[in-house]
Amino acid sequence: MGLSQSPFTRARRPRSQVKIALMLLSWVILSVTVGWAAQGQYDIPLKDRSGKQVGSFSYKESHALVVGISDYKGGWPRLLGVKRDVREVTQALEKNGFHVVVKENLDYLDLEKTFRDFIQQYGSAPENRLLFYFAGHGYTLKNTYDLNDPTQWTGVIVARDAPLPTTETTPEFRAKTLPIDRFASMARDIQSRHALFIFDSCFSGARGFSIFVPSPEDLVQGVTAKTANHVRQFISSGSADQQVPDVSAFRKHFIQALEGEADRNHDGFVAGSELGIFLQEKVIGDTEGQQTPQSGKINDSRLNKGEFLFPLTTPTTTTCVSTPLPPSIPSPVVNSLGMEFVAVPAAELRMGTDESPTLRPSHKVTISQPFYIGKYEVTQAQWTAVMGNNPSRFTGDPHLPVENVSWNEVQAFLRQLNAREGTARYRLPTEAEWEHASRSCVTTTYPFGDDEGQLERYAWAETNAGERTHAVGQLRPNGWGLYDMLGNVWEWCQDWYGDYPATAVVNPQGVAQGVFRVYRGCGWLRGESSLYCHPATRHGARPNFAHPSLGFRVVRTVSPGTP
């Protein structure tokens, strides 16, 4: 969606005859389920034998690496079906809440590096879950001195540039394969709670892992405290000397499993062990015993007690994890002008959505320090006390929000306020700080829940404001005690308006330069609930623009040792 005209079309600034050409981005309300891309959080309850909840744990992010090798160089048969495997497995994992990295047709050097780089990037966070899916040729290496001892065989996955194994090529072949025990070593480097390795290829000799058959009691019991323990699990689509067909029955049933068919105990989760048993039963049946999947866990008592989980519910679409405020930061606080400030905790949150052209991309934001933000929008009394004038169109009550002020004029107010207070701590909120404060770290569509019909209890919008502003603090506050974050007047932010960043950011300040300054929230004008009045709404206006529906609130930086 492109640029559209300003919502401010019904009234003109009475003290300026300058015609302002204002362009701003329209928006699409964030009310759909976001394509998660590791954005959501699964909160998983843990229950005892009686079904009583005794705790919980979370998957804060979910990442998957899908590797497919179809176009082999060294004489191995081409696997044209792998391209379909990669595409459909990726889609299934994304539906289950994973951010998926896809790599195809890797030579040996790139193959191992891809796995290690993925682990380095995503495997350090304790509450992540990691999944690895390989589709391609596998092979079982047998030494001349243990041909009849399967416990000494070594399963490998085959890189694109590996030659066919013959007496002459065996050393080169070995050098261009990844043994399964190498994955067991990589698994120990992962710091995340749960990891699952899936190999749609046939081999025996998963050294470092053990074939594991869960007890019937484990499968009936569902998600317990034991589930939350660390685990490294594996599943392969066949064993030694078996031929995996290019049209993969394994892939078909893996996708069916994630759609819920493998949930044997109907608890709303597919556990790694349930998945392994389901694939064994289905694939053996489909192939009349010609293909026998194997599953197991790592040979390490510290890493084989939990269960990898596929929740069958939709993940939380807006993740926010806040850090508790320390006792040294009281809340609220009041300055000499009587302005009240509420402390907002540091947090990690998601901003944007890939579902809307104007809000792309969804990205992770870290606000590393707590801050104070005005409990109310700045009032006319407070503006007059600092600036000695009142530019507002709607007057008659000193508790009305000041409006009709440009971004440039707000900067002048902040300079005067800082001078009056003998500090440099007062400023506008960044766009990220404003959205964080507005949402109050909830995961619902609105700060007050998912019911749009409740909006008029919290916001003076176009539907209930009567075409004017109202005294601050008359409606309900959000979860952090902040009033009118939505409604009454739109609120200036510090940032230039620009595209959202494509990667995670810490304390974002917006783009380096621009034409428009950001304003957020909604106001008495153009604040229709289903179109504008939402914490994700973003607009922009020139810094010298002012309007009777545009005001602001102030942030006060937290100084060490000082409230």
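The values are calculated or read from the model by the stated rules, or taken from the named source; none is laboratory data. As the structure is a prediction and not an experimental result, all values here were calculated from the model. So basically every Cβ, Gly included, is an ideal-geometry build from the backbone, and we count neighbours across all protein chains shown.
Being surrounded by fewer than 17 Cβ atoms within 10 Å (Cβ to Cβ), aliphatic (A, V, I, L, M) and part of a helix (DSSP H, G or I) is the requirement here; does ALA437 meet it?
Spelling it out, it is not the case that ALA437 is surrounded by fewer than 17 Cβ atoms within 10 Å (Cβ to Cβ), aliphatic (A, V, I, L, M) and part of a helix (DSSP H, G or I).
Given (1) in contact with a Lys or Arg (Cβ under 6 Å, 6 or more places away or on another chain); (2) modelled with pLDDT of 90 or more; (3) of a type in the set (D, E, K, R), identify the lone condition not met by GLU172.
(1) is the only condition that GLU172 fails.
Taking the range 375-398 only, how many residues are touching a residue at least 12 places away in the same chain (Cβ under 8 Å) and either charged (D, E, K, R) or assigned to a loop (DSSP other than H, G, I, E, B) (or both)?
Looking only at that region, the number is 12.
Could you list all residues from the range 449-499 that are farther than 21 Å from PRO398 by Cβ and among the small types (Gly, Ala, Ser)?
Passing the criteria: GLY449, GLY453, ALA459, ALA461, GLY479, GLY481, GLY498.
Which numbered condition trips up ALA37, out of (1) within 22 Å of MET351 (Cβ to Cβ); (2) crowded, with 16+ Cβ neighbours inside 10 Å; (3) at pLDDT 50 or above?
The single condition ALA37 does not satisfy is (3).
Please identify the pairs in which a residue from the range 399-414 that is without any contact (Cβ under 8 Å) to a residue 40 or more places away in the chain has its Cβ atom under 8 Å from the Cβ atom of a residue that is in a helix (DSSP H, G or I) and of a type outside the set (Ser, Thr, Tyr), counting only partners at least 6 apart or on another chain.
The qualifying pairs are ALA412/MET387; PHE413/TRP383; PHE413/VAL386; PHE413/MET387.
Within the range 143-154, identify whether any single residue is at pLDDT 80 or above and not in a loop (DSSP other than H, G, I, E, B), and answer yes or no.
yes
Criterion first (buried (at least 17 other Cβ atoms within 10 Å of the Cβ), in the same structural domain as HIS137 (by TED's automatic domain parsing) and either part of a helix (DSSP H, G or I) or of a type outside the set (S, T, N, Q) (or both)) does VAL283 satisfy it?
Yes.
How many residues, within the range 480-507, are exposed (fewer than 15 other Cβ atoms within 10 Å of the Cβ) and in a strand (DSSP E or B)?
Adding up the residues that qualify gives 1.
Within the range 168-177, how many residues turn out to be more than 11 Å from LEU141 (Cα to Cα) and either acidic (Asp, Glu) or outside any helix (DSSP H, G or I) (or both)?
4
If we scan the range 514-521, do we find a residue that is over 25 Å from PRO332 (Cβ atoms), buried (at least 24 other Cβ atoms within 10 Å of the Cβ), at pLDDT 90 or above and touching a Phe, Trp or Tyr at 6+ places or on another chain (Cβ under 7 Å)?
Looking for residues that are over 25 Å from PRO332 (Cβ atoms), buried (at least 24 other Cβ atoms within 10 Å of the Cβ), at pLDDT 90 or above and touching a Phe, Trp or Tyr at 6+ places or on another chain (Cβ under 7 Å), one finds at least one in the range 514-521, hence yes.
Quick one: in the range 332-368, which of the residues that are over 20 Å from the mean Cα position of the chain (by Cα) and not in a strand (DSSP E or B) is nearest to GLY521 (Cα to Cα)?
Per the stated criteria, the residue is MET339.
Could you tell me whether THR444 is under 35 Å from the mean Cα position of the chain (by Cα) and in a loop (DSSP other than H, G, I, E, B)?
Against the criterion (under 35 Å from the mean Cα position of the chain (by Cα) and in a loop (DSSP other than H, G, I, E, B)), THR444 qualifies.
Could you check how many residues of the range 511-532 are over 15 Å from SER406 (Cα atoms) and either among the aliphatic types (A, V, I, L, M) or touching a helix residue (DSSP H, G or I) at 6+ places or on another chain (Cβ under 6 Å) (or both)?
5
Here is a yes/no grid of residues against (1) within 26 Å of HIS230 (Cβ to Cβ); (2) among the polar types (S, T, N, Q); (3) crowded, with 16+ Cβ neighbours inside 10 Å:
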site: GLY75; (1), (2), (3): no, no, no
site: GLY81; (1), (2), (3): no, no, yes
site: PHE98; (1), (2), (3): yes, no, yes
site: LYS113; (1), (2), (3): yes, no, no
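Would you confirm whether or not the range 310-326 contains a residue that is farther than 30 Å from PHE371 by Cα and without any contact (Cβ under 8 Å) to a residue 12 or more places away in the chain?
No, the range 310-326 contains no residue that is farther than 30 Å from PHE371 by Cα and without any contact (Cβ under 8 Å) to a residue 12 or more places away in the chain.
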